[in-house]
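As structure tokens, the structure follows; a few thoughts come after it.
Nothing in this text is a laboratory measurement; each read-out follows from the coordinates by a stated rule. For clarity, every value in this text was computed on a predicted model and none was experimentally measured. Reconstructed Cβ throughout: ideal geometry from the backbone, glycine too, with neighbour counts over all protein chains shown.
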Amino acid sequence: MTQQRWIIHADMDAFYASVEQRDHPEYQGKPVIVGGKSNRGVVAAASYEARQYGVHSAMPIMEAKRRCPQGIYVVPQISKYAEISARIVHIFADFSPRIETLALDEAFLDVTGMELLYGDVMHIARQIKSRVYAELGLIVSVGVAVNKFLAKLASAHRKPDGLVIIRPGEELDFLAPLPVSRLWGVGEVTEKKLKLLQVDSVGKLRQIDPYTLERTLGKAAIELYNLAWGRDERPVIPDREAKSIGNEDTFETDIEQPDEIRTKLLDLAERVGWRVRKEGLAGKTITLKVRFSSFRTITRSVTLQDPVALDEVIYEIALQLMDKIIVKEGIRLLGVSVSNFSQRSTQLCLFNEVTEKREKIASTMDELKERFGTEIVKRGRLF
């Protein structure tokens with residue numbers, strides 16, 4: 001049975017302006033225009049309050065000031081936005097190793113198969129929204145669908161703070177009423193040509209004979225026709241190979257007992273190990289992240305001579321790192337990650353405990369998880 005493909009498009013709402021409103025509480029609820037205070041240049045971002053006056057990105061600053069003279073005009077701080085963007089992508093990386101960033105404020109994630117780790121794909125989408133808001137105080141709109149084109153449409157459908165899924169079988173009904181201008185590649189010229197064919201919606205475009213469409217639009221016709229039917233086979237292309245694969249948990253109640261800590265670390269190591277092996281990777285660097293009840297956060301890492309991918313080895317290293325940390329207050333968050341990757345080959349005797357038997361057990365567990373979900377088999381300590 002073919003595994004269902006799932007793509008998420010995450011798009012920050014009025015990103016630059018939202019960052020400024022977050023950092024300046026006095027700006028909240030007011031029209032904020034990022035783009036500088038001089039009359040030269042263009043608008044880089046406009047808050048939703050500013051958009052009510054017709055201000056939008058790429059508009060000349062002079063026009064924005066004419067439409068919204070009472071707006072708060074802010075000089076862009078690209079380095080700050082880039083740093084926040086990197087933190088957002090770091091959150092995304094907890095849910096998929098396949099991330100394609102389009103700009104500082106949006107990205108595609110291929111989460112195919114990741115629902116085995118996190119449950120229904122909508123749960124993944126909700127977790128992404130929740131994490132971005134909890135950790136960065138920003139709102140992201142998320143679209144979920146079977147391909148990139150539909151996922152991007154879905155993320156824009158109920159902005160701001162949107163969450164829309166287009167499930168298999170719903171594509172045609174979703175697309176039919178949309179104006180043809182929503183299809184990629186349809187600009188003013190193409191839209192005018194389509195209107196000559198009395199086509200103003202995606203549903204009507206589907207009714208046009210493809211040969212007639214090709215005579216009118218040329219080579220672009222086939223791509224538009226496929227998009228009108230919800231077809232888009234383009235893969236999510238990561239910007240680079242995954243730098244790290246990790247998971248972290250924030251606890252409802254702080255933990256501090258050694259047994260609790262060990263159990264949580266084992267759970268994290270098991271989840272991370274499965275993700276690393278699923279990508280056919282092994283990593284030399286293991287990182288432990290600890291956030292205390294005071295919000296003091298520390299990380300500890302160790303780089304090994306040989307790459308690892310087995311849960312038990314990741315757990316043992318994380319435990320060794322944890323043993324070096326003095327715990328004087330409750331722990332609200334634990335995280336484990338693996339990085340410094342190479343392609344995986346069978347591990348042999350990195351430690352005395354690492355044997356061929358462990359490899360076979362890991363392989364069997366991975367097979368069961370792939371077929372029946374991650375809850376089908378767990379180590380006794382985790383029950």
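Centre-to-centre, using Cα atoms only, the stretch 224-280 and the stretch 165-186 are separated by 29 Å. Got the relative contact order for the stretch 171-228 handy, in percent, Cα pairs under 8 Å and 6 or more residues apart? Across the stretch 171-228, relative contact order equals 38 percent. Comparing PHE295, PHE108, PHE341 in a Gaussian network model of the chain where C-alpha atoms under 10 Å apart are linked, the largest mean-square fluctuation is found at PHE295. For the pair SER293 and ARG158 in one chain, pulling the backbone fully straight at 0.36 nm per residue adds 45.0 nm over the alpha carbon distance.
Counting other Cβ atoms within 10 Å as a rough exposure proxy, the listed residues MET114, MET59 run MET59, MET114 from fewest neighbours to most. Which of these, VAL121, VAL290, VAL111, has the largest mean-square fluctuation under a Gaussian network model of the chain (Cα springs below 10 Å)? In this elastic network of the chain, the residue with the biggest mean-square fluctuation among VAL121, VAL290, VAL111 is VAL290.
Note: relative contact order over the chain, using C-alpha pairs below 8 Å and six or more positions apart, is 13 percent. Beta bridges from DSSP with both residues in the chain: antiparallel share about 90 percent, rounded to the nearest 5.
Arranged from fewest to most other beta-carbon atoms within 10 Å of their beta carbon, MET122, MET322 become MET122, MET322.
Normalising the average separation of contacting C-alpha pairs (under 8 angstrom, six or more residues apart) by the number of residues puts the relative contact order of the stretch 1-168 at 28 percent. With contributions of -39500 (n - 2.57) from each DSSP H run of at least four residues, the per-residue ellipticity at 222 nm computed over the chain stands at -11500 deg cm²/dmol.
By the count of neighbouring beta-carbon atoms within 10 Å, fewest first, LYS219, LYS264, LYS148, LYS65 end up ordered LYS219, LYS65, LYS264, LYS148.
Our estimate of slack between GLU26 and ALA176, defined as 0.36 nm per intervening residue step minus the Cα-Cα distance, is 49.7 nm. According to the square roots a ≥ b ≥ c of the eigenvalues of the Cα gyration tensor, what is the shape class of the stretch 1-168, taking rounded for a/c under 1.5, prolate for a/b larger than b/c otherwise, and oblate for the remainder? Taking the square roots of the gyration eigenvalues as a ≥ b ≥ c, the stretch 1-168 is prolate.
Only Cα sites of the chain enter the Debye sum here, all with the same form factor; the resulting log10 I(q)/I(0) across q = 0.06, 0.14 1/Å is -0.31, -1.23, listed in q order.
Treating r as the C-beta distance of ARG67 and GLU252 and R0 as 41 Å, the FRET efficiency rounds to 0.30. Comparing SER57, SER47, SER293 in a Gaussian network model of the chain, where Cα atoms under 10 Å apart are tied by springs, the biggest mean-square fluctuation is seen for SER293.
With R₀ set to 35 Å, the beta-carbon distance separating HIS123 from VAL302 gives a calculated FRET efficiency near 0.60.
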